[in-house]
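Notes for the one structure printed next.
The values are calculated or read from the model by the stated rules, or taken from the named source; none is laboratory data. From a predicted model like this one, the values you see are computed outputs, not experimental measurements. A quick note on method: Cβ atoms are made from the backbone with ideal geometry, for glycine too, and the neighbour counts reach across all protein chains shown. Keep in mind that these areas ignore ligands, DNA and RNA; they rest on the heavy atoms of the full protein, side chains included. Shrake-Rupley method; radii C 1.70, N 1.55, O 1.52, S 1.80 Å.
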Amino acid sequence: MAGLFNSAEDSLAQVVMLSNGRVFPDYESTELGVATQLAIKSISKATGASRRAVEKKFTSLGDLGLVVEHFVSDKKQSTLASESLTVGKVFSVFKEIAKQSGKGSQERKLSLISSLITAATPLEAKYVMRTLLQQLRVGIAEGVIRDAIAKAFDVKPESVERAWNMKSDFSEIAVIAKKYGEEGLKKIKLEIGKSVQVLLAEKSPDLKTALDSFDSPAVEWKMDGMRCQIHKDGNRILIFTRRLENVTKQFPDLVKYVQRGVKAKECIIEGETIAVDKKTRRPLPFQVLSQRIQRKHEIERMVKEIPTRVNLFDVVYVDGEQLFEKPLKERREILEEIIKPSSEFRVIEQLATKDLEKAEKFYNDALRAKQEGVMVKNLDALYIPGRNVAGGWLKVKPTMENLDLVIVGATWGTGKRSGWLTSFVLAVRDPDTNKFLECGMMSTGIKEKKESGMDVTYEGMTKTLKPLVEKEAGGIVKIKPKIVIEVAYEEIQKSPTYSSGFGLRFPRFVRIRNEKSERESETMERLQKMYDMQKK
Ligand code: AMP
């Protein structure tokens, strides 16, 4: 890959982006929006194969990349290749596809995609298709791209990593590394509007262990909501989730809070947004708020229906100054200075103590208020952006913790459940290979009919998962690993049936975790750890 980057010349940025299986950086809210059916139609249009033939091939191969490769090579034997594809051309058509919206957009996307297929060799068609369907994302670990950039342009992998934590966009970083080397990477700073990788929490077995871990700990409630990274530059305000998705459009109420409640001209602050009851203003579970995150229409009505409250807990940038290098204690003081608190937008309450009894009372208050538990934070810790960094935050929650697992398969129901996906195959991630290993089959906890606003139904699940179906045979479907759900269970057992070697006994659906990406699901290592803990 380093060789490829090295020889990419003017198309370096695009080559890096495509190698990462992406067309746009994470922080842009642009999407290609190509679903399976549209892809099938395009293959048929471009190669002249009937739609039925394409569908049939898809059922047997389970990968539209392979399907298009097959039909293009069939066709190429009889026709001469027309103009050849370049990275630049592919990229500009991808951008064009993403731009299409509204009436007739499906038709226009169809002709754009088939024009690409027509110009492609069989191998090119395979990868174009997988990129369009965003199926290249799983499998290429971020570390590989980081190391390839380091090798290609003779810079340190750590410097690339540091830059990535600030910018979350390898294509831009590669260009800087090539042009300005190590010095250039060092100069990379936060930019308002480009999301920053966030500080993550580790789990602590109990409150005492957590308090003992730090010289000066402080305890905060762990709220059951959505993490948001708020960027403000004068009147330009942007809201990102923890997965760095831009959700500004869905949360005009948050934008207003920031306009009214932030004194700084420019800043990047972080907090947890929760849903509150519109009459009593009591906190509601994340599942309620999640309806707001997905919402694309009638946003104003939803704002009234499900009001929010933001509990701010950190700040990484204020008026030109980066604050990563300051300890939490100082960052929090700065945060308090720049916020004009109100009932819906305020700095989260914090109890700085090493006293177990006081902390326990605080913890119990949190559980009584139906929050998840507490975060114990090290007041001396710097903000280290990026995944899985130790030493800053420890979360404490009640034990036999539920697992966040990824759905990788399902079966079609029969009888009165026909037409719905019913049993779901659960998996953990193996960070070494980036593969998902199965660890159970779940069919409990999902409802046939909605009884309360928070219920997730089979119909709802089917709607969510259907666009992610990769392969289908005999009522069993393979699903692209994307949807993370929280699962409760009785016990973890050793099991030869599942590829992880473990199986969950009585897994039960708790909720969909929209705020988590498949990369943030439980790992193989943690499953093993939980198994060991349970034996004790
Ligand atoms: P987890 O997702 O279980 O690893 O816990 C980390 C998440 O807890 C963060 O990403 C936040 O979304 C959320 N959270 C809730 N309350 C707080 C808090 N007081 N400080 C930091 N994170 C919090």
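Structure notes:
- Stokes-Einstein D (µm²/s) once Rh is taken as the Kirkwood radius of the chain over alpha-carbon pairs, at 37 °C in 0.692 mPa s: 130
- Of the peptides 270-276, 404-410, 240-246, 357-363, the ranking by mean beta-carbon count within 10 Å, highest at the top, reads 404-410, 270-276, 240-246, 357-363.
- Calculated accessible area for the chain comes out at 47 Å² per residue, all protein chains present (probe 1.4 Å; ligands, DNA, RNA ignored).
- For segment 7-43 and segment 170-235, distance of Cα centres in Å: 26
- Residues residue 411 and residue 342, FRET efficiency given R0 of 51 Å [Cβ-Cβ distance, rounded to 0.05]: 0.55
- The Cβ shell under 14 Å around residue 102 holds other residues with a net charge of +4, Lys and Arg each +1, Asp and Glu each -1.
- Take every Cα pair under 8 Å whose residues are at least 6 apart in sequence, average their separation, divide by the length of the chain, and the relative contact order is 13 percent.
- Here's the picture: charge each Lys and Arg Cβ at +1 and each Asp and Glu Cβ at -1 in the chain, and of 339, 42, 94 the one pushed furthest to the positive end of that dipole is 42.
- Using just its DSSP H runs of length 4 or more, each adding -39500 (n - 2.57), the chain gives a mean residue ellipticity at 222 nm of -11500 deg cm²/dmol after division by all residues.
- Cross-link check: pairs 450/471; 57/494; 222/279 evaluated at a Cα-Cα cut-off of 25 Å; pairs beyond the cut-off: 450/471; 57/494.
- Accessible surface of segment 21-132, 1.4 Å probe, proportion on carbon and sulfur as whole %: 53
- Here segment 21-132 is described by how far its Cα atoms reach on the three principal axes: 40, 28, 25 Å, from widest to narrowest.
- Gyration tensor over alpha-carbon atoms, segment 403-535, equivalent ellipsoid semi-axes in Å: 23, 16, 14
- The packing ranking, built from the mean of other Cβ atoms within 10 Å per residue, places the peptides 509-517, 316-324, 466-474 in the order 509-517, 316-324, 466-474, highest first.
- Exceeding the 32 Å Cα-Cα cut-off - candidates 126/203; 95/395; 326/516; 89/265; 361/482; 397/482: 126/203; 95/395; 89/265; 361/482
- Inverse of mean 1/r across different Cα pairs in segment 202-396, Kirkwood, Å: 17.2
- Over all Cα atoms in segment 120-251, the spread is summed up by Rg and Dmax: 19.4, 62 Å.
- Backbone HN-Hα couplings from phi across segment 154-168 [Karplus 6.51/-1.76/1.60, Hz, Gly and Pro as x]: 6, 10, 6, x, 5, 5, 5, 4, 4, 4, 4, 4, 8, 10, 6
- Each Lys and Arg Cβ is given +1 and each Asp and Glu Cβ -1; about its Cα centre, segment 403-535 then shows a dipole of about 320 debye.
- Spacing of the modelled spin labels on residue 56 and residue 107, each 7 Å from Cα toward Cβ, amounts to 3.0 nm.
- Over 30 Å (Cα to Cα) - which of 256/296; 99/278; 109/463 fall in this group: 99/278
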